[in-house]
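Okay, structure first, notes after.
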Amino acid sequence: MALKVHGSPVSTCTARVLACAYEKEVDVELVSVNLQGGQHKSPEYLASKNPFGQIPAFEDGDLTLFESRAISRYVAKKYKSQGTDLLREADPKEAAAVEVWMEVESQNYNPPITALVSELIFKPVFGLPTDEEAVKSQSEKLGKVLDVYEARLSKSKYLAGDFITLADLFHVGYTYYLMKTPKKELLNSRPHVKAWWEDLLSRPAVQKAVSGMVLGN
């Protein structure tokens, strides 16, 4: 039975889960949630999928999960013997590095890039004005984070070491959108970060995960 991911092809968090599933070579079904119609806020969805009314939600038989990072960890653990080893649990030091950089993505990288993508991608789609001051301040914050990434990636191919892990895949969705804006220079101006991103984007699993991320159609 295929795992079910209830979400949207354009959703960054849905892409996070899909990239993990595809790297693990897992049979997964994307069940479209009608966001414009408010399906994610419906009583049925709130009761059975995600009480916070967000996507994605995830089903594996009688198990239902929400929160994309938690879902991804579950998939990586359950299917640890197939596909790409995304957690490196056989080596405590490598596993610890994965945990560190997953936290870095969540706590340091995600807040400014989420704000930037909101201003530069999502607001224009909905006909809302971009807050240029917010773009400036969040660009500065993200730039400081990327300086740390540049230093790290000058020593290893990926964030946790010379092997791809969830720590890298967790960056896919929002980075994919940011690279469609002028602020792509935040990554492109840092050669090791640029090489890291281009490597991620070249992976078949990532390409498949972002293939539906087309807004405005």
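The values are calculated or read from the model by the stated rules, or taken from the named source; none is laboratory data. The structure displayed is predicted, hence computed values, not measured ones. With ideal geometry, Cβ positions are generated from the backbone for all residues, glycine too; neighbour counts draw on all protein chains shown. Each accessible area value is taken on the protein alone, full model and side chains, heavy atoms only, with ligands, DNA and RNA left out. Shrake-Rupley method; radii C 1.70, N 1.55, O 1.52, S 1.80 Å.
Would you pull out the residues with amide H under 5 Å of Y158's amide H, same chain only if 5 or more places away, H placed 1.01 Å from N? HN-HN under 5 Å from Y158: F163. Within the accessible surface of the range 69-217, defined with a 1.4 Å probe on protein heavy atoms only, the carbon and sulfur portion equals 53 percent. If you take every DSSP beta bridge whose two residues both sit in the range 1-137, what share of them, in percent to the nearest 5, is antiparallel? Among the beta bridges of the range 1-137, antiparallel pairing accounts for roughly 60 percent. Put a dot 7 Å past the Cα of L63, heading toward its Cβ, do the same for K136, and the two dots end up 4.9 nm apart. When both the range 1-43 and the range 110-160 are represented by their alpha-carbon centers, they are found 24 Å apart. Here the Karplus relation 6.51 cos²θ - 1.76 cosθ + 1.60, evaluated at θ = phi - 60°, turns the backbone of the range 136-153 into coupling constants of 5, 5, 6, 5, 5, 5, 5, x, 5, 5, 5, 4, 5, 4, 4, 5, 5, 6 Hz, with x for every Gly and Pro.
Once both labels are positioned 7 Å from their Cα atoms along Cα-to-Cβ, the gap between D162 and E89 label points is 2.6 nm.
Charge tally around A21: other residues with Cβ under 14 Å, Lys/Arg +1 each, Asp/Glu -1 each, net +4.
When the pairs K155/K208; K24/K184; K49/K183; K136/K157; K4/K136; K80/K194 are compared against a 31 Å limit on Cα-Cα distance, K49/K183; K4/K136 fall above it.
Working ranking of peptides 23-31, 87-95 by packing, defined as the average number of other Cβ atoms within 10 Å per residue, highest first, is 23-31, 87-95.
Each Cα pair of the range 79-178 feeds into the Kirkwood radius, which the Stokes-Einstein equation turns, at 25 °C and 0.890 mPa s, into a diffusion coefficient of 166 µm²/s. Converting phi to 3J(HN,Hα) with the Karplus coefficients 6.51, -1.76 and 1.60 and the offset θ = phi - 60°, the range 27-39 yields 6, 10, 10, 8, 9, 5, 9, 7, 5, 4, x, x, 4 Hz in sequence order, with x at every glycine or proline. Add +1 for every Lys or Arg and -1 for every Asp or Glu among the other residues with Cβ under 12 Å from the Cβ of S72, and state the total. The answer is +2. Indicate the gyration tensor shape class of the range 153-195 (rounded, prolate or oblate), computed on the Cα atoms with a ≥ b ≥ c the square roots of the eigenvalues: a/c under 1.5 is rounded; otherwise a/b larger than b/c is prolate and the rest oblate. Oblate is the answer for the range 153-195, as a/c is 1.5 or above yet b/c matches or exceeds a/b. Heavy-atom accessible area for S32, with the other protein chains in place and a 1.4 Å probe, reaches approximately 80 Å².
A simple spin-label model places the labels of A151 and A96 2.0 nm from each other, with each point 7 Å out along Cα-to-Cβ.
Computed on protein heavy atoms with a 1.4 Å probe, the accessible areas place F126, F52, F58, F66 in the order F126, F52, F66, F58, largest first.
Taking Cβ atoms as reference points and 12 Å as the exclusive limit, the residues near N188 contribute a net charge of +1, counting Lys and Arg as +1 and Asp and Glu as -1.
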